[in-house]
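Asks: I am attaching a structure below and will ask some questions about it afterwards.
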Amino acid sequence: MNQNDATVEGDATGPVEAWLAEITKASRQPVEVVREVLAEHGVRAHTALPRPHRILVTAVEFEGTRPAPDSNQDDPATIPFRFEWEPGPGVWCLASTGKNEAGKSSILEIVLWCLRGRAGLQRDVRSWLRRVRTEFVLDDELLMVEMAVANGIPIGRVVSKQTGAVLIEFDGLKAFEESMDGFMLDRLGLEPLRIQQKPRGDAEALPVTGELSWPSYASGLYINRKGLGHLLGNDSKNALPTRLLELFLGAPWAATMVAASVAQKVVAAQLSAARQRAAADAEARRAQLGELTRQLDAERARLQVLPEEGRPASDLSAAYRTLAETTTAAGEVQRQLVEARLRHDTLDEQRHSLAHAVQTAQEAALAQAFFHTLTPTICPRCDTKVTKDQWAREQEGHCSLCDSRLPDSAEGDDALGKAEEETPDTLRDALERLQLEVEQAASDLATAQSLVSAATAAVDQAEATLNAALRSPGIGERRAAELAVARLEGAVAERTGRFAHLDAAVDISPLEAADAILKAAGKAAHARRTAALKQVLRDVEQDIVTMGRALGLEMLQRVELGTGATLTVWKGGQRHSYGSLTEGEQLRLKIVTTTALLRHGIRSGVGRHPGLLIVDSPGAEEVDSKDLRLMVTDLVKLTDLAPELQVIIATARGEDVASLIPNKQLRLAPPGERLW
């Protein structure tokens, strides 16, 4: 950024601060947000302009071959040509005497081609060229554009004659134009002004942004018949005449105004699209809410008319709960039944075992009692008689048959005690007690079986009740209606209550804030730029009237030069717009307006026009000899006022200007011949 351009971030006082305060107040946004938005969109406060830069063409040279006028197409004859010219400060003229096809306009176009990079030459003339060289001084540096041309396509470079450095190399038409665009904008200190336009054929598309290129600026250097419809430049797109007026007069704040305006239009388009989307989303949400509300009303109405005798849904739930409870209870009593049966069977088995033991004990007791009463006389095995000694030993405690020791009384008491514990009587007592336990277990088992039967019946009843409820058409429909009402009430609540923001459209408040800030920034910059322009436009208007009358517009009374590069003319007592004038009047006014703007810029020292003016055929549009002479005379006076100014004129009326321009500054083709 140029050091003379005050930035929003760097200047905390003075005009920039006042501008920021005005934006903050108008947009109702905090100054921090204002700074952030301006920085985001590249809007800077241009309160002062860079110093003017000057271009002076010092040499033009080209050569090539062109078809001979009388050659045939099969074997065309060619004529070599070469042109060389070294103009300087002041008014320089390329002239012929009554011959229009003398090559004057082609020379001007070759010069412009080398300066702006964009070719305006007719295609056939461009195809004749083989080599082109143009030298010009940009400020204090002598630069040279040299290129070889083959079939109209250039290959060349831009060289600093002072240092010999190659500054640009290019190959092709587009490469040459793009290279010179960036190079000249940088060297002349011109801001690449942003522009925006709608894509063709798509009204809904967002605007496309771009930058005003150097060839557009360069149209302010050139006045010819094609651009007569525009007061300044040769095109009205992207407000080019306005930009050139600001360039001529060195209007401060103009670049700020343009940057803010372009950014605001882009943001406004984005905001409009966002609002359309938000409106469409809101409409969709309203439609969706309306449909949900309608469905809710319909379900409520359906629920309202369902018969009341139908079981409510709560009864159905109770049937489910009853079935679950009875099933659980049936499981519990089933478990108790299993335990009771196990206990009964176990006790009954013990009872059978004990009964067998009682019978065995009774039989053993009877046998013992029988055998203990016997007195054997012989051995039951071998029939040997029992002797007295044997009987006597029995008295001593030994068996009379086997001599085994008989148990003594103490031992007999112990054996008797043990025998008494398991006597038939004790066993029978135990059997009676066990029988009682078996009978109690059988009773418990019967009770459990009864409970199981009851629980099974309860489960069967609960299942029957539930199945009946489920098969009931009234309850099913009512339950469905109740569920539908509940679901729809929830959906409506989500879209109207605390969840409504979840499906809301994208927040557009940041875009609205940016739109307000950029609009305020553009308006504030426009006011400052317009105020600065109006201070000088009145002087320029007076110059236009004075010079216009001198150029034959005798009926010119006054003009009003608008800040948008419009010109309102009062002549013959009537008010006219610039576009309604004749081509001759337009030519005169375009030249005098450009000249007046240049004079003001030179006098004030703030104009940024590079000081080169090329005028093609100023005497071609209803300008008589006297007026043409006056026009050229005024241009000469203008260059006297500003010696660094260079004006190059091409005219077929050499006889009218020959006496006004020094011979060395006039290249006059011989009568009936070409300049090259």
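Asks: Right, Ala282: closer than 24 Å to Trp19 by Cα and open to solvent by less than 40 Å² (accessible area, probe 1.4 Å) or not?
Replies: Spelling it out, it is not the case that Ala282 is closer than 24 Å to Trp19 by Cα and open to solvent by less than 40 Å² (accessible area, probe 1.4 Å).
Asks: Also, I was wondering about something else. Just checking, how many residues over region 247-280 are without any contact (Cβ under 8 Å) to a residue 12 or more places away in the chain and among the hydroxyl-bearing types (Ser, Thr, Tyr)?
Replies: 1
Asks: Here is a further query. Tell me, please, whether a residue that is among the hydrophobic types (A, V, I, L, M, F, W, C), over 20 Å from Ala669 (Cα atoms) and out of contact with any Lys or Arg (no Cβ under 9 Å at 6 or more places or on another chain) can be found in region 99-118. If you could, list the steps in order and put the result at the bottom.
Replies: If we filter region 99-118 for residues that are among the hydrophobic types (A, V, I, L, M, F, W, C), which is where we start, we get 102, 107-108, 110-115.
Within this subset, residues satisfying the condition of being over 20 Å from Ala669 (Cα atoms) are 112-115.
Those left that are additionally out of contact with any Lys or Arg (no Cβ under 9 Å at 6 or more places or on another chain): 115.
Looking for residues that are among the hydrophobic types (A, V, I, L, M, F, W, C), over 20 Å from Ala669 (Cα atoms) and out of contact with any Lys or Arg (no Cβ under 9 Å at 6 or more places or on another chain), one finds at least one in region 99-118, hence yes.
Asks: Got a sec? Which of Val43, Val60 is surrounded by 15 or more Cβ atoms within 10 Å (Cβ to Cβ) and modelled with pLDDT of 95 or more? Lay out the reasoning, then the answer.
Replies: On the way: Val43 fails: modelled with pLDDT of 95 or more.
Val60 is the lone residue from the list that is surrounded by 15 or more Cβ atoms within 10 Å (Cβ to Cβ) and modelled with pLDDT of 95 or more.
Asks: If we only count strands (runs of 3 or more DSSP E) wholly inside region 25-118, which ones have 1 or more residues that are more than 45 Å from the chain's Cα centre (by Cα) and polar (S, T, N, Q)?
Replies: Values: elements: 55-67, 78-85, 90-95.
Qualifying strands (runs of 3 or more DSSP E): 55-67, 78-85.
Asks: Being open to solvent by 40 Å² or more (accessible area, probe 1.4 Å) and either touching a Leu at 6+ places or on another chain (Cβ under 9 Å) or at pLDDT below 95 (or both) is the filter here; which residues of region 151-163 pass it? Outline the logic, then answer.
Replies: Taking region 151-163 as the starting set, the residues that turn out to be open to solvent by 40 Å² or more (accessible area, probe 1.4 Å) are 151, 153, 155, 157, 161-163.
Asn151, Ile153, Arg157, Lys161, Gln162, Thr163 - these are the residues of region 151-163 that are open to solvent by 40 Å² or more (accessible area, probe 1.4 Å) and either touching a Leu at 6+ places or on another chain (Cβ under 9 Å) or at pLDDT below 95 (or both).
Asks: If you don't mind, there's one more thing I want to ask. For residues that are modelled with pLDDT of 85 or more and more than 17 Å from Asn224 (Cβ to Cβ), scanning just region 625-644, find the one that is most open to solvent (accessible area, probe 1.4 Å). Quick ask: steps written out before the conclusion?
Replies: Within region 625-644, the first condition is being modelled with pLDDT of 85 or more, and the residues that meet it are 629, 632-633, 636.
Keeping just the survivors that are more than 17 Å from Asn224 (Cβ to Cβ) gives 629, 633, 636.
Numbers: Arg629: 86, Thr633: 46, Val636: 39 Å².
Across region 625-644, the extreme among qualifying residues is Arg629.
Asks: Would you tally the residues in region 216-269 being among the aliphatic types (A, V, I, L, M), more than 21 Å from Ile649 (Cβ to Cβ) and not in a loop (DSSP other than H, G, I, E, B)?
Replies: Step one: filter region 216-269 for residues among the aliphatic types (A, V, I, L, M), giving 218, 221, 223, 228, 231-232, 239-240, 244-245, 247, 249, 251, 254-255, 257-260, 262-263, 266-269.
This time we only want the ones that are more than 21 Å from Ile649 (Cβ to Cβ), so: 239-240, 245, 247, 249, 251, 254-255, 257-260, 262-263, 266-269.
Among the residues that remain, those that are also not in a loop (DSSP other than H, G, I, E, B) are: 239-240, 245, 247, 249, 254-255, 257-260, 262-263, 266-269.
Going through region 216-269 one residue at a time, the tally reaches 17.
Let's see how each residue does on (1) modelled with pLDDT of 90 or more; (2) open to solvent by 40 Å² or more (accessible area, probe 1.4 Å); (3) within 25 Å of Pro215 (Cβ to Cβ):
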| position | (1), (2), (3) |
| --- | --- |
| Thr24 | yes, no, no |
| Gln29 | yes, yes, no |
| Phe81 | yes, no, no |
| Gly90 | yes, no, no |
| Ile107 | yes, no, yes |
| Trp113 | yes, no, yes |
| Val125 | yes, no, yes |
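Asks: Does region 662-670 include one or more residues that are open to solvent by 10 Å² or more (accessible area, probe 1.4 Å), without any contact (Cβ under 8 Å) to a residue 24 or more places away in the chain and of a type in the set (S, T, N, Q)?
Replies: Yes, region 662-670 has at least one match.
Asks: Out of the residues in region 95-105 that are open to solvent by 30 Å² or more (accessible area, probe 1.4 Å) and among the polar types (S, T, N, Q), state the one that is farthest from Asp186 (Cα to Cα).
Replies: Here is the first cut: in region 95-105, the residues open to solvent by 30 Å² or more (accessible area, probe 1.4 Å) are 97-101, 105.
Subset that is among the polar types (S, T, N, Q): 97, 100, 105.
Details: Thr97: 40, Asn100: 37, Ser105: 28 Å.
Once the filter is applied, the top-ranked residue is Thr97.
Asks: Taking region 230-266, which residues are closer than 26 Å to Val34 by Cα, surrounded by fewer than 23 Cβ atoms within 10 Å (Cβ to Cβ) and hydrophobic (A, V, I, L, M, F, W, C)?
Replies: Passing the criteria: only Val266.
Asks: Separate question: Could you count how many residues in region 138-190 are assigned to a helix (DSSP H, G or I), of a type in the set (D, E, K, R) and more than 30 Å from Gly250 (Cβ to Cβ)? Before the answer, list the steps.
Replies: Quick first cut of region 138-190, residues assigned to a helix (DSSP H, G or I) only: 173-188.
Cutting the leftovers down to of a type in the set (D, E, K, R) gives us 174, 177-178, 181, 186-187.
Filter once more, so that each one left must be more than 30 Å from Gly250 (Cβ to Cβ): 174.
Counting residues in region 138-190 that are assigned to a helix (DSSP H, G or I), of a type in the set (D, E, K, R) and more than 30 Å from Gly250 (Cβ to Cβ) gives 1.
Matching residues to (1) without any contact (Cβ under 8 Å) to a residue 12 or more places away in the chain; (2) charged (D, E, K, R); (3) farther than 25 Å from Leu188 by Cβ:
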position: Val606; (1), (2), (3): no, no, no
position: Asp616; (1), (2), (3): no, yes, no
position: Ser625; (1), (2), (3): no, no, yes
position: Val636; (1), (2), (3): no, no, yes
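Asks: Hey, another quick one. Spot the failing condition for Arg575; the list is (1) at pLDDT below 85; (2) closer than 20 Å to Glu541 by Cβ; (3) surrounded by fewer than 16 Cβ atoms within 10 Å (Cβ to Cβ), and only one is missed.
Replies: (1)
Asks: Given the structure, is Phe170 within 50 Å of the chain's Cα centre (by Cα) and either at negative phi or without any contact (Cβ under 8 Å) to a residue 24 or more places away in the chain (or both)? Full working, then the answer.
Replies: Working: within 50 Å of the chain's Cα centre (by Cα): yes; either at negative phi or without any contact (Cβ under 8 Å) to a residue 24 or more places away in the chain (or both): yes.
Answer is yes for this residue.
The values are calculated or read from the model by the stated rules, or taken from the named source; none is laboratory data. Please read these numbers as outputs of a predicted model, since none were measured by experiment. As a convention, Cβ positions derive from the backbone with ideal geometry for all residues, glycine included, and neighbour counts pool all protein chains shown. Remember, those area values only see protein heavy atoms, side chains included, never the ligands or the DNA or RNA. Shrake-Rupley method; radii C 1.70, N 1.55, O 1.52, S 1.80 Å.
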